[in-house]
Amino acid sequence: MIVTVSRRAHFNAAHRLYRKDWSDEQNLEVFGKCSNPNYHGHNYELVVSVTGRIDKETGYVIDLRILKNIIREEVEEPFDHKNLNLEVEQFKDLNPTAENIVVVIYNKLKARLDSRLDLEVTLYETQRNFVTYSGQ
Ligand code: NI
């Protein structure tokens with residue numbers, strides 16, 4: 001039996017969407033308010049879903065305490081209350097769009113999980129805007 005187990009998480013972070021090689025006008029045209037040079041914040045919500053076989057011994061796909069700790073170590077501690085552009089290594093040269101953030105989060109979590117487990121990560125930048133990545 002293949003079951004998907006999910007956990008929600010949350011972090012607040014600031015970002016600015018822009019390309020260093022573009023003018024302020026060009027950035028404003030493409031990224032709108034999100035290119036504000038003084039940064040702005042989002043309340044990011046995360047849904048992490050792990051799919052795999054139910055372990056016969058434990059009855060778990062993954063122990064949710066383990067998943068919770070991995071999310072805390074890989075996402076909440078490094079990202080919460082941070083300026084993503086300035087303080088998070090992965091975004092030094094990568095535009096912190098929701099798309100790029102969800103891929104970074106996916107890769108960090110995937111590296112910590114048993115390779116037999118499938119992972120899908122959904123990141124809400126606002127209640128209405130969200131992105132999903134499952135490793136394709
Ligand atoms: Ni934004």
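Hey, if we sort Asp93, Asp24, Asp63 by accessible area with the 1.4 Å probe, largest down, what's the order? Walk me through the numbers on the way to the answer.
Details: Asp93 140, Asp24 95, Asp63 30 Å².
Per-residue accessible area, sorted high to low, gives Asp93, Asp24, Asp63.
For the pairs Lys68/Lys110; Lys20/Lys108; Lys20/Lys82; Lys33/Lys68, flag any whose C-alpha to C-alpha distance is greater than 23 Å.
Numbers: Lys68/Lys110 14 Å; Lys20/Lys108 26 Å; Lys20/Lys82 20 Å; Lys33/Lys68 33 Å.
In this structure, Lys20/Lys108; Lys33/Lys68 lie more than 23 Å apart at Cα.
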Carbon and sulfur together cover what percent of the accessible area of the range 2-133 at a 1.4 Å probe radius? 47
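How much accessible area per residue does the range 2-133 have, in Å², with a 1.4 Å probe? The partial results should precede the final answer.
Working: 8050 Å² over 132 residues.
Spelled out: the 1.4 Å probe surface of the range 2-133, per residue, equals 61 Å².
Would you list Tyr44, Tyr60 from the most to the least accessible area, probe 1.4 Å?
Values: Tyr44 0, Tyr60 115 Å².
Of Tyr44, Tyr60, the descending order of accessible area is Tyr60, Tyr44.
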Simple SL model, points at 7 angstrom along Cα→Cβ for Glu73 and Lys92; separation in nm is 2.3
Accessible surface of Thr132 - all protein chains present, 1.4 Å probe, nearest 10 Å²: 70
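The values are calculated or read from the model by the stated rules, or taken from the named source; none is laboratory data. Everything quoted here is computed from the prediction, not taken from an experiment. As a convention, Cβ positions derive from the backbone with ideal geometry for all residues, glycine included, and neighbour counts pool all protein chains shown. For the accessible areas, the whole protein counts, side chains as well, though only heavy atoms, and no ligand, DNA or RNA atoms are used. Shrake-Rupley method; radii C 1.70, N 1.55, O 1.52, S 1.80 Å.
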